[in-house]
Amino acid sequence: MSLVNLHQVHKYYGDNHVLKGIDLDIKAGEVVSIIGKSGSGKSTLLRCINGLEQYQEGGITVDGKEVTTEDIQVRRLALSVGMIFQNFNLFPHMTVGENVMLAPTIVLKKSKAEAETTARAMLEKVGLAEKFDSFPEKLSGGQQQRVAIARALAMSPKVLLCDEITSALDPELVGEVLKVLEQLAKEGITLVLVTHEMNFARDVGSRVVFMHQGKVWEQGDPKTILSNPQTDELKQFMGAVL
Amino acid sequence: MIEFSNYDILRNLLFATQWTILLSLAAFIGGTTVALTLTAMRLTRNPVMQRIVKIYVELFQGTPLLMQMFLCFFGLSMLGYEISAWGAAILSLTFFTSAFLVEIWRGCIDTLPKGQWEASRCLGLSFLQTLRHIILPQAIRVATAPTVGFSVQVIKGTALASVIGFVELTKVGTMLNNATFEPFKIFTLVALIYFMLCYPLSLYSKHLEKKFNVSR
Ligand SMILES: Nc1ncnc2c1ncn2[C@@H]1O[C@H](COP(=O)(O)OP(=O)(O)OP(=O)(O)O)[C@@H](O)[C@H]1O
Ligand SMILES: [Mg+2]
């Protein structure tokens, strides 16, 4: 059964037709890389999947349940969908530990002790156990992004959405974040990531989705599609990236 | 005619200062409470609520405080509601304070990145939970300095209550002047007392601003 399903999804910003009938089916355990030019609708697609943006036509389901932007639905959705942002969006007035413990205590109503155990385990997983009491501003970009991953993982999501999560990082910090993602992929978590890291998409991903002008233009196995693109648009895009 | 010694003048002025402070505090507390409610109303994405807040702010920012006080005092009595000068002063100063605070706070909340709302939403927090745990703690840090700064305007605004007969510092100053005909001495003293109330608050506000800018 599919974990995330999009059926003929259309999205407009005013007159701007941004998603033009997206069909996409993602199974549990897949690592899907979404690539494409700036403005092709990649972020919008992710934001529709987690209920941050409203779509006008078609349907999206996550784990069999329909996605809407209704507050109550989004909150239920948050239990199965985690999101990592380009700018980390850590809460600057809380320590790293508090950032990770917040949602489990408030949303899942876990006890403080239980939430702390989870938080420490998740921070351990991203290699930042010793930063539990630090404030985000004291961390490097790569470390902040790993905290953001730990924060999302603490809600034990079924699927993790990542929107260019290494794009705001200095080049030497990209590796540590990708390593964490690779580890998660090995553990079988479902990942949907918008990325420019072609090597990651090829080596770790199970599928590449190329978006162009609001449509899924081409998709398939990473090695095949990246070494042997079928459409001119993807050829051109690959030429621009490499 | 009664003779007023310098000691008498000062004693009367200082006694009246208590009422100025009390009125300022009441207006500030009232204004803060109303402004909090209005801020919450504005933050809901309900257009009707937002419209109400907008009209409220425009109404009370767009008319002189003195007119608001007159309307509260004389207007309400004409409508059959007996209201004391003290009540009318608190009421109108509450309107005035809240209309400005809600705008000041809006600015502070808007400086927070949209990503804070989104991250919180994606973690499953409700609107009110996001407000309480994410937005307010950060907004309060930003808002403290301008809010303390604005309290100076409230203190100065209380002087207008003298016009509707509330006996506070300015009113007592006027009364003493009528009795002694020493306007220079008396109003210098009155101004000095206002200054001593306001200046520390201004300084404190500047200090907070600096502290906040450093810690950012
Ligand atoms: N909040 C918004 N309001 C109006 N238009 C928007 C908004 N967000 C995105 N758009 C428009 O939607 C289109 C797709 O944007 P989107 O951010 O999804 O592209 P993207 O593929 O993620 O691009 P990038 O690689 O630059 O991040 C663009 O034309 C953009 O201008
Ligand atoms: Mg984008």
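Computed from the coordinates by the stated procedures, all read-outs in this text should not be read as laboratory data. Treat the numbers as computed from the prediction; the structure is a model and nothing was measured. Heads up, the Cβs are rebuilt from the backbone with ideal geometry, glycines too, and the neighbour counts pull from every protein chain shown.
Treating the beta-carbon of each Lys and Arg as +1 and of each Asp and Glu as -1, no other charges, what is the dipole magnitude of region B:6-215 about its Cα centre, to the nearest 20 debye?
700 debye
I'd like the antiparallel share, as a percent to the nearest 5, of DSSP beta bridges with both residues in the protein assembly as shown.
Antiparallel bridges: around 55 percent, rounded to the nearest 5.
Let me check against my output: what whole-number percent is the relative contact order of chain A, with C-alpha pairs under 8 Å and at least 6 apart?
26 percent
Just add up the charged neighbours of A:Q73: K/R +1, D/E -1, any other residue whose Cβ is under 10 Å from the Cβ of A:Q73.
Net of charged neighbours comes to 0.
Translational diffusion coefficient of region B:6-215 at 37 °C, 0.692 mPa s, Stokes-Einstein with Kirkwood Rh over Cα pairs, in µm²/s as a whole number.
Calculated translational D: 173 µm²/s.
Give the angle, between 0 and 90 degrees and rounded to the nearest 10, that separates the Cα long axis of helix A:232-241 from the longest principal axis of the Cα atoms of chain A.
The answer is roughly 40 degrees.
Which FRET efficiency value, to the nearest 0.05, do you get for A:Q56 and B:I21 by plugging their Cβ-Cβ distance into 1/(1 + (r/R0)^6) with R0 = 56 Å?
Taking R0 as 56 Å, the efficiency between A:Q56 and B:I21 is 0.45.
Put +1 on the Cβ of every Lys and Arg and -1 on every Asp and Glu Cβ in region A:48-98; which of A:S80, A:G58, A:M94 then has its Cα farthest towards the positive end of the dipole?
Result: A:M94, furthest along the dipole toward the positive end.
Pick out, from A:L193, A:A119, A:V147, the residue whose Cα sits farthest towards the positive end of the charge dipole of the protein assembly as shown, with +1 on the Cβ of Lys and Arg and -1 on the Cβ of Asp and Glu.
A:A119
Could you check the simple spin-label distance between A:T117 and B:E82, using points 7 Å along Cα→Cβ, in nm with one decimal?
6.7 nm
Count the DSSP beta bridges whose two residues both fall in chain A, then state the antiparallel fraction as a percent rounded to the nearest 5.
55 percent
Among all stretches of chain B without exposed GluC sites (Glu not before Pro) (DSSP loop, at most 10 other Cβ atoms within 10 Å), which one is longest?
B:83-216
Summing Lys, Arg as +1 and Asp, Glu as -1, what charge do residues with Cβ under 15 Å from the Cβ of A:K109 carry, A:K109 excluded?
Spelling it out: positives minus negatives among the neighbours equals +2.
Which GluC sites (Glu not before Pro) does region A:159-234 hold that lie in a coil by DSSP with at most 12 other beta carbons within 10 Å?
Loop-located and lightly packed - A:E187.
Can you tell me the FRET efficiency between B:S202 and A:A28 if r is taken as the Cβ-Cβ distance and R0 is 56 Å, rounded to the nearest 0.05?
About 0.35, to the nearest 0.05.
If you scale each eigenvalue of the Cα gyration tensor by 5 and take the root, what three semi-axes come out for region A:88-242, rounded to whole angstrom and sorted largest first?
34, 16, 13
If each of A:E182 and A:K223 carries a label point 7 Å out from its Cα toward its Cβ, how far apart are those two points in nm?
1.6 nm
In percent, what relative contact order does chain B have, based on Cα pairs under 8 Å that are 6 or more apart in sequence?
This gives 29 percent for chain B.
Only Cα pairs within less than 10 Å get springs; with that Gaussian network setup on chain B, which residue of B:Q61, B:Q129, B:Q153 has the largest fluctuation?
B:Q129
Under a 5 Å amide H to amide H cut-off, with H placed in plane at 1.01 Å, what residues pair with A:H212 once short-range neighbours are removed?
Amide H neighbours of A:H212, under 5 Å, 5+ apart: A:W217.
From largest to smallest, what semi-axes in whole angstrom does region A:142-209 give when each is the square root of 5 times an eigenvalue of its alpha carbon gyration tensor?
For region A:142-209, the semi-axes come out at 17, 16, 10 Å.
Starting from the Cα of A:D203, step 7 Å along the direction of its Cβ; do the same at B:L71; then give the gap between the two resulting points in nm.
It is 7.0 nm.
Past the 28 angstrom mark, what percentage of all C-alpha to C-alpha distances in the protein assembly as shown do you count?
Across the protein assembly as shown, Cα pairs with separations above 28 Å total 62 percent.
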